Amino acid sequence: MLTENSPSSADGDFSAHAEPYRRELLAHCYRMTGSLHDAEDLVQETLLRAWKAYDRFEGKSSVRTWLHRIATNTCLTALEGRGRRPLPTGLGNTRSDPTAELIERAEVPWLEPLPDTQDPADPAVIAESRESVRLAFIAALQHLSPRQRAVLLLRDVLQWKAAEVAEAIGTTTVAVNSLLQRARTQLDAVAPSADDRLAAPDSSETQDLLARYIDAFETYDIDRLVDLFTAEAIWEMPPYTGWYQGAPDIITLIHSQCPAEHPGDMRMIPIMANGQPGAAMYMRAGDRHVPFQLHVLDVRPDGVSHVVAFLDGSLFARFGLPDAL
C-alpha cells in the first residue's frame with residue numbers, strides 16, 4: 001500500500017501526494033519573494049522539479065518536507081541578484097504632503113498582496129497562518145537576505161530543526177544558527193512589535209468597520225472616514241512612492257487625488273488578503289466600473305491603522321474578482 005513516504009513514478013501518485021501542499025507551497029514562496037506572481041511561477045517550477053525527481057524520492061522525510069526543501073532552493077535560485085520588494089513606507093522617505101504631486105515608479109518591483117483562501121481548520125492553526133503572511137511581516141522579511149529569509153522561515157514558521165535546515169540549503173548547523181540570529185535581530189528592528197496585534201479579520205467588529213469603510217467610499221462621504229482611522233493611521237499606494245499619516249492628511253489626499261467625484265463612482269467588494277480584511281475598489285468608466293485598487297487594511301480595536309492600496313489591475317483576476325462591474 002502506498003504511503004506518504006513511499007516512492008512512485010506514476011503521475012497520478014505524484015499528483016495525489018503533492019497537490020494537497022500546493023497552497024502552503026504558494027504561501028512559502030510568497031514569503032520568500034513578496035510577490036504573488038513570482039510565487040505562482042515558483043510553485044509550478046517546484047512541482048515540475050519534484051515530479052522529475054519523484055522516482056528517486058526515498059521517503060526519508062515526508063513529502064511535505066521534501067517539497068518545501070525543493071521550493072526553498074527554487075526560490076533561492078530565483079532571488080539571486082534581485083533586490084527586495086518594498087512598500088512606499090520601506091523606501092526610507094519621510095511622510096508626504098497630501099497636496100503634492102504624486103510620484104509614480106512603475107519600474108520598482110513592489111510588494112504584492114496574497115489572496116486569503118484558508119481552508120476550514122483548527123482556529124489556532126488559521127490564526128498562526130495569518131500571522132505568517134501579514135503584510136507588515138512580509139514587508140519586514142524583505143529587509144533580510146534571501147538565505148536569512150529561508151533560514152528564518154524554515155526555523156520559525158515551519159518549525160524545522162537546525163540540522164534539517166542545514167541539509168536543505170547545503171550548509172552547516174553553525175551557519176544556520178548564525179543566519180537565524182542575524183535574521184531575528186534585523187527583523188526585530190523593522191517588524192511590528194509583539195503586542196501590536198491586529199483584530200481578528202472575521203470578527204463582527206472588524207466586519208462592521210469594513211462595511212462602514214466601504215460605504216464611505218461608495219457614497220463618496222470621504223469625510224466620514226475620519227471616524228474610522230486611528231490617530232496615527234498610515235496610507236500608501238504603490239506604485240506611488242509617497243506615504244501619508246493621520247486621518248486629516250489621508251482624507252485630503254483622497255479628496256485631491258482620487259478620480260471619483262460623485263456617489264456611485266466607486267464600488268467595492270470585500271476581500272481577504274494576507275489574513276487581513278480588505279476591499280477591491282472599482283472605478284466608474286462610462287457605463288461600468290473597472291478595477292482600480294486593492295485595499296489591504298490593518299484593523300485594530302481603535303480603528304483602521306494602515307491601508308495599502310495596490311494600484312495593480314492584474315491582481316484582480318488572481319483574487320478571483322470580475323474584470324468589470
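The values are calculated or read from the model by the stated rules, or taken from the named source; none is laboratory data. Fair warning: this is a prediction, and the values are worked out from it, not measured in the lab. All Cβ positions, even for glycine, are placed from backbone atoms using ideal geometry, and neighbour counts span all protein chains on display. These accessible areas exclude ligands, DNA and RNA; they are computed on the full protein's heavy atoms, side chains included. Shrake-Rupley method; radii C 1.70, N 1.55, O 1.52, S 1.80 Å.
Points to keep in mind about this one:
- Here Val290 clears all of (1) part of a strand (DSSP E or B); (2) crowded, with 17+ Cβ neighbours inside 10 Å except the condition numbered (2).
- Pairs meeting the criteria (first residue in segment 233-262 and closer than 19 Å to Gly90 by Cα and without any contact (Cβ under 8 Å) to a residue 60 or more places away in the chain, second residue open to solvent by 20 Å² or more (accessible area, probe 1.4 Å) and in a loop (DSSP other than H, G, I, E, B), beta carbons under 9 Å, at least 6 apart or on different chains) are Gly246/Arg95.
- Here Pro277 fits the description: touching a residue at least 24 places away in the same chain (Cβ under 8 Å) and farther than 17 Å from Leu311 by Cβ.
- Filter pass, Gln142 being of a type in the set (S, T, N, Q) and touching a Gly at 6+ places or on another chain (Cβ under 8 Å): yes
- Number of residues in segment 293-325 that are open to solvent by 10 Å² or more (accessible area, probe 1.4 Å), assigned to a helix (DSSP H, G or I) and not charged (D, E, K, R) equals 1.
- The C-beta contact set for segment 176-190 (first residue over 11 Å from Leu144 (Cβ atoms), second residue in a helix (DSSP H, G or I), distance under 7 angstrom, 6+ apart or interchain) comprises Val176/Val151; Val176/Ala162; Val176/Val165; Val176/Ala166; Asn177/Ala162.
- The listed residue being open to solvent by less than 30 Å² (accessible area, probe 1.4 Å), outside any loop (DSSP other than H, G, I, E, B) and modelled with pLDDT under 95, out of Ala127, Ala140, Ala150: Ala140
- Filtered by the rule that a residue be over 26 Å from Thr89 (Cβ atoms), small (Gly, Ala, Ser) and open to solvent by less than 40 Å² (accessible area, probe 1.4 Å), segment 153-185 gives Ala162, Ala166, Ala168, Ala175.
- Residue list for segment 269-278, restricted to those being touching a helix residue (DSSP H, G or I) at 6+ places or on another chain (Cβ under 7 Å) and surrounded by 18 or more Cβ atoms within 10 Å (Cβ to Cβ): Asn274, Gly275, Gln276, Pro277
- Here Ala231 fulfils each of the conditions (1) under 15 Å from Glu101 (Cα atoms); (2) modelled with pLDDT under 95; (3) part of a strand (DSSP E or B) apart from (1).
- If the condition is being over 25 Å from Ala106 (Cβ atoms), in contact with a strand residue (DSSP E or B) (Cβ under 8 Å, 6 or more places away or on another chain) and not aliphatic (A, V, I, L, M), then segment 237-266 contributes Gly246, Gly264.
- A single member of Leu111, Leu102, Leu48, Leu79 is more than 25 Å from Leu141 (Cα to Cα), open to solvent by less than 80 Å² (accessible area, probe 1.4 Å) and at pLDDT 95 or above, and it is Leu102.
- Boolean, Ala53 is under 16 Å from Glu19 (Cα atoms), surrounded by fewer than 16 Cβ atoms within 10 Å (Cβ to Cβ), hydrophobic (A, V, I, L, M, F, W, C) and out of contact with any Pro (no Cβ under 6 Å at 6 or more places or on another chain): yes
- Screening the candidates Met281, Met266 for the property of being at pLDDT 95 or above, surrounded by 20 or more Cβ atoms within 10 Å (Cβ to Cβ) and farther than 30 Å from Ala27 by Cα yields one hit, Met266.
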